[in-house]
Structures are given as structure tokens and as C-alpha cells.
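First the structure, in the form of C-alpha cells, and then the observations on it.
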Amino acid sequence: MEHFICIQCGTQFDETAQPPSSCPICEDERQFVRHAGQEWTTLERLAANHHNRFENEAPQLVGIGTEPDFAIGQRALVLQSLGGNLLWDCITLLDDKTVAGVNAHGGIRAIAISHPHYYSAMIEWSERFDAQIFLHAADREWVMRKSSRIHFWEGTTLSLWDGLTLINCGGHFEGGTVLHWRPDGADGKGALLTGDIIQVVQDRRYVSFMRSYPNLIPLGPAAIHRILETIEPFPFDQIYGAWWKTNVLSAAKAAVARSAQRYLRAIGAM
Ligand SMILES: [Zn+2]
Ligand SMILES: [Zn+2]
């Protein structure tokens, strides 16, 4: 028996004797099956030729990414806080060196994930760090490895601790979630950790919003307005996106507003 991992999206599945027949996350219109066909690996095989790199993205915000690139290639973030650290988003590879590195930064109290493309090997991480996982209930169907450690939350916001708040914006996924971080984030001005629910683009004065990034399926005006409305009550000056250095480091709230206006004009919605 083995917990197989999809090579294209990095998702780890329930234990089976044979690899699953397909990966529902990659079969979905928001992702894709690799050109060479569906392939699987295991954590052990992945660890044989990959390792994780740690790098600070900001004070109290430590990035962890896999090298060479694996699957979607996002980096996770350990948000260090007095009441306990939060792992924001997740990556597939977890080895002893990574566990030691995370523990040297204070360990992990809980895990929260923006959307199913980053569910990756979240159960491995939750078991190694004895951490609960917070996922929005609207994306429950995309969980490929079940565990009692997952807490499915409902509604628009969920307060965690130390001024950390999960916000369900929808968009890319119905359960799409961003994290509001205060008071330490961005020197007290607040920050959003967004995965690709609010995607920081190459021109880092802007962000964007898509149903599918690889297949270029845009969102409609109702989804854009919902994102703007759900984040409106939260002050923030910075955004930390899904990849290394995909961050908006100042005036981020104005950048989101400007980007949404541009997006709505581009799709003929204003
Ligand atoms: Zn997949
Ligand atoms: Zn995604």
C-alpha cells in the first residue's frame, strides 16, 4: 500500500495498492493532465532527487520551496507568531531535513491552505507537526487524502489567533481563501497571504484573478466584486503571493483596486 502522488499537481492520495486511475484535480478544467499522460510518484521517490530550500520572504515569514521545481512549483510560508506558527499553503516534499528546519523556526501549530492546488501532501505535514488543517468546506470534494486532522470551516471569515483571519473570497475556487495577518504583518499595516486567489503578476504593481491560470479561463464580474467586497474590511499594505518573490510590498490594497478596475474593463464589465 502506498500514498501515491500526482506528478502534475503534487497531490497525495489515500493509500492504495495501485496508483489511482486518474487525478480529479488535474482532470478538472482549471488544471491539466501532463502531455506525456498521468504519472505518479511517492514521497520516498520524490525525496531521492529533490530537496527544500528555506528563505525569509519578510520578518516572521519564512518561505519553503522545493528544488528542482516539482508539480505546480509554489512555495509555502511559515508565518511565525507568538501564539504558534501557521503554515500557509503547503508543498508536497517533506523530509527529515525540512522537519528540522521548520522546528528550528518554532514548528507549526496549524496549517491553512488557499485552495486545492496546494493541498499537496498536507496530511504528511499535519501528522509530522501534530497540526490541525483549516480548509474551506466549499472545496471539500477536492480532498484526495482524508484525515480527521482536517477542520472544514464555513462562512466568510474565521479568526485563528494573534490577529490571523481566514477570508473566503471564492474566485479561482469556490472555497478560495486568503489570510489576513496583523498586527505584525507589514510593520503593523497588515498583509494578505493570497496563494493564487489574488495572483501577484509579473508587474508587481498589479494582481489578477482567474478561474484557470494554465488554461486562461477568466472570472466574471460577480466573482471580482465578491473578492473586493470580502477583503474590504481588512487593512493591508502588502500581499504575499504563491511563488518566491511574487509579493506586492507596498500600497497593496490600492494595487488590488486598480487591478480589479483594469480586469473589469478588459472583460467589458465596466
Ligand atoms: Zn493531479
Ligand atoms: Zn490554483
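The C-beta contact set for segment 8-34 (first residue farther than 17 Å from I217 by Cβ and modelled with pLDDT under 95, second residue within 16 Å of ligand 2 (Cβ to nearest atom) and open to solvent by 10 Å² or more (accessible area, probe 1.4 Å), distance under 9 angstrom, 6+ apart or interchain) comprises R34/Q8. In segment 104-122, the residues that are over 11 Å from I133 (Cα atoms) and in a strand (DSSP E or B) form no Cβ pair under 9 Å with any partner that is within 16 Å of ligand 2 (Cβ to nearest atom) and of a type in the set (S, T, N, Q), whether six or more places apart or across chains. Every listed requirement among (1) closer than 27 Å to C26 by Cα; (2) assigned to a loop (DSSP other than H, G, I, E, B); (3) not polar (S, T, N, Q) is met by W161 save one, (1). Scoring D89 on the criteria (1) away from ligand 2 (no atom under 16 Å from the Cβ); (2) touching a helix residue (DSSP H, G or I) at 6+ places or on another chain (Cβ under 7 Å); (3) open to solvent by less than 20 Å² (accessible area, probe 1.4 Å) leaves a single failure, condition (1).
Picking from residues in segment 1-56 that are of a type in the set (D, E) and under 17 Å from S120 (Cβ atoms), the one that is nearest to ligand 2 (Cβ to nearest atom) is D28. Please tell me if F134 is in contact (Cβ under 8 Å) with a residue 24 or more places away in the chain, more than 27 Å from H151 (Cβ to Cβ) and aromatic (F, W, Y). No, not satisfied.
Evaluating S148 against the criteria (1) of a type outside the set (A, V, I, L, M); (2) more than 18 Å from R53 (Cα to Cα); (3) surrounded by fewer than 17 Cβ atoms within 10 Å (Cβ to Cβ); (4) in contact (Cβ under 8 Å) with a residue 12 or more places away in the chain leaves one unmet condition, (4). For segment 14-37, a residue qualifies if it is over 27 Å from S148 (Cα atoms), within 13 Å of ligand 1 (Cβ to nearest atom) and of a type in the set (A, V, I, L, M, F, W, C), and the qualifying residues are F32, V33.
The residue pairs whose first member lies in segment 173-184 and is under 28 Å from L82 (Cβ atoms) and in a loop (DSSP other than H, G, I, E, B), whose second member is open to solvent by 10 Å² or more (accessible area, probe 1.4 Å) and of a type outside the set (K, R), and whose beta carbons are closer than 6 Å, counting only pairs six or more residues apart or on different chains, are R182/G163; P183/G163; D184/Q60.
Summed over segment 100-133, residues that are open to solvent by 60 Å² or more (accessible area, probe 1.4 Å) and within 16 Å of ligand 2 (Cβ to nearest atom) total 0.
The values are calculated or read from the model by the stated rules, or taken from the named source; none is laboratory data. Computed from a prediction, not measured in an experiment: that's the story for all the values here. Quick reminder, even Gly has a Cβ in these numbers, built from the backbone with ideal geometry, and neighbours come from all protein chains shown. To get the accessible areas, we keep the full protein, side chains included, count just its heavy atoms, and leave off ligands, DNA and RNA. Shrake-Rupley method; radii C 1.70, N 1.55, O 1.52, S 1.80 Å.
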